[in-house]
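Visitor: Before we start, here is the structure in question, set down as structure tokens.
The values are calculated or read from the model by the stated rules, or taken from the named source; none is laboratory data. Being a predicted model, the structure only gives us computed values, none of them experimental. FYI the Cβ positions are ideal-geometry reconstructions off the backbone, even for glycines, and counts take in every protein chain you see. Keep in mind that these areas ignore ligands, DNA and RNA; they rest on the heavy atoms of the full protein, side chains included. Shrake-Rupley method; radii C 1.70, N 1.55, O 1.52, S 1.80 Å.
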Amino acid sequence: MIEFKDLSLVYPNGTQGLKNVNVKINEGEFVVIVGLSGAGKSTFIRSINRLVTPTHGELLVDDTNILKYKGKDLRKLRTKVGMIFQNYNLVKRSTVMKNVISGRLGHTGTMKSIMNMYSKEDMALAYESLKRVNIEEKLYSRADQLSGGQQQRVSIARVLTQQPSVVLADEPVASLDPPTSHQVMKYLQKINREDNITTIVNLHFIDMAMEYADRIIGMRSGEIVFDGPASEVNEQT
Ligand code: ADP
Ligand code: ADP
């Protein structure tokens with residue numbers, strides 16, 4: 001479970017990214033955060049794996065406040081809480097396999113990965129993950145030879161090899177055309193359902209949010225202004 005307790009984040013220049021946010025997200029939920037640009041969606045998501053650090057309040061992940069984490073605790077947190085980005089963040093000149101296996105090994109710069117020292121288990125898990133997003137045939141392609149949608153599927157496979165309990169996706173479909181966006185959202189929904197992975201996704205478009213979310217959180221100026229099932233979203237939000 002993830003719990004924000006009176007959580008605020010003030011950036012060094014004084015901008016308030018989050019303002020006294022109180023919210024609980026349960027295991028296995030599929031939550032979509034919506035709001036205009038600058039509403040605080042990205043700050044909300046990035047707080048959960050500490051890509052940004054809230055300045056007041058508490059943020060509990062599985063009953064532990066993560067705000068003071070550093071070093072090893074932070075690395076463990078980021079293994080448990082996987083992240084998917086708008087621009088895929090793949091190592092462009094590396095193969096799909098190498099990118100995906102890096103989810104399991106930490107990052108592509110580890111000595112194991114530089115030396116191609118992958119265990120059979122690492123390889124098998126990476127291959128299984130690629131199969132789950134139907135892109136296993138691209139195993140040996142270079143990441144930058146794939147389309148945007150394919151690259152985002154590879155980044156989902158990479159997150160799967162971490163065997164996370166939470167997946168955060170920061171505008172995962174903002175660079176994709178509508179059909180490809182739906183395809184990526186369907187894969188996110190599939191892994192949420194199959195593995196009971198708590199999934200929190202930022203989206204620009206409310207219609208897309210209504211189609212996939214169990215629960216929608218609406219943000220404005222760093223605050224939560226709506227929290228409920230898609231069926232309760234009305235035109236005002
Ligand atoms: P969203 O994801 O909804 O577009 P953000 O969380 O990115 O919103 O931003 C929330 C607010 O915090 C905005 O006013 C934005 O300009 C500001 N902000 C985001 N990142 C920083 C930063 N590193 N330094 C200062 N202000 C920031
Ligand atoms: P997004 O909304 O997609 O996260 P932005 O363009 O808002 O992207 O932010 C891009 C980068 O700039 C992020 O690292 C963010 O933290 C930082 N940033 C955003 N707004 C500000 C700001 N007002 N001052 C300083 N950095 C900012």
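Visitor: How much length is gained if the chain between MET1 and ASP227 is pulled fully straight, taking 0.36 nm per residue apart and subtracting their Cα-Cα distance, in nm to one decimal?
Guide: Once the chain is fully extended between MET1 and ASP227, it gains 79.7 nm.
Visitor: Name the longest site-free stretch of the chain, where the excluded sites are trypsin sites (Lys or Arg not before Pro) in a DSSP loop with no more than 15 other beta-carbon atoms within 10 Å.
Guide: Longest run free of exposed loop sites: 94-237.
Visitor: Moving to a separate point now. Can you grab the distance from the C-alpha centre of the stretch 42-77 to the C-alpha centre of the stretch 114-155, Å, no decimals?
Guide: When both Cα centres are located, 29 Å separates them.
Visitor: Within 10 Å, at most 16 other Cβ atoms, and a DSSP state outside H, G, I, E, B define an exposed site. Report the longest part of the chain free of exposed GluC sites (Glu not before Pro). Please list the in-between numbers first.
Guide: Values: sites that count: GLU27, GLU235.
My reading of the result: 28-234 is the longest stretch.
Visitor: Sticking with this structure for a sec: Have a look at LEU51, ASN65, PHE30 and report the one farthest towards the positive end of the charge dipole of the stretch 1-77, computed about the Cα centre with Cβ charges (Lys/Arg +1, Asp/Glu -1).
Guide: LEU51
Visitor: Could I ask something else about it? On a full-extension model of 0.36 nm per residue, what is the gain between GLU137 and ARG193, subtracting their alpha-carbon distance, rounded to one decimal in nm?
Guide: 17.7 nm
Visitor: Efficiency by 1/(1 + (r/R0)^6): what FRET value for ASN20 and VAL91, r their Cβ-Cβ distance, R0 = 25 Å, to the nearest 0.05? Kindly include the intermediate steps, with their values, before the conclusion.
Guide: Numbers: r = 39 Å, r/R0 = 1.55.
FRET efficiency, ASN20 to VAL91: 0.05.
Visitor: If you place +1 on the Cβ of every Lys and Arg, -1 on the Cβ of every Asp and Glu, and leave all else neutral, what size is the dipole of the chain about its Cα centre, to the nearest 20 Debye?
Guide: 1180 debye
Visitor: Limiting things to C-alpha atoms, what are the Rg and the maximum Cα-Cα separation (Dmax) for the chain, in angstroms?
Guide: Considering the chain through its Cα atoms, Rg and Dmax are 17.6, 55 Å.
Visitor: Calculate how steeply helix 96-105 sits against the longest principal axis of the alpha-carbon atoms of the chain, using the helix alpha-carbon long axis, and give the answer as 0 to 90 degrees to the nearest 10.
Guide: 60 degrees
Visitor: What aspartates and glutamates sit close enough to LYS80 to cross-link, taking a C-alpha to C-alpha distance under 12 Å and skipping anything fewer than 8 places away on the same chain?
Guide: ASP62
Visitor: Another question, then. Quick check on the stretch 139-232: take the gyration tensor over C-alpha atoms, sort the square-rooted eigenvalues as a ≥ b ≥ c, and tell me if it's rounded (a/c under 1.5), prolate or oblate. Please list the in-between numbers first.
Guide: Working: a/c = 2.12, a/b = 1.60, b/c = 1.32.
Because a/c hits 1.5 or more and a/b exceeds b/c, the stretch 139-232 counts as prolate.
Visitor: What shape does the stretch 1-94 have by the C-alpha gyration tensor, where a ≥ b ≥ c are the square roots of the eigenvalues, rounded means a/c under 1.5, and otherwise prolate means a/b greater than b/c and oblate the rest?
Guide: Rounded.
Visitor: Kindly report, to the nearest 10 Å², the accessible surface of HIS56 as traced by a 1.4 Å probe over protein heavy atoms only.
Guide: Accessible area of HIS56: about 110 Å².
Visitor: Would you mind classifying the stretch 113-152 by shape? Square roots of the alpha carbon gyration tensor eigenvalues, ordered a ≥ b ≥ c; an a/c under 1.5 is rounded, otherwise it is prolate if a/b is larger than b/c and oblate if not.
Guide: Judged from the Cα gyration tensor, the stretch 113-152 comes out oblate (a/c at least 1.5, b/c at or above a/b).
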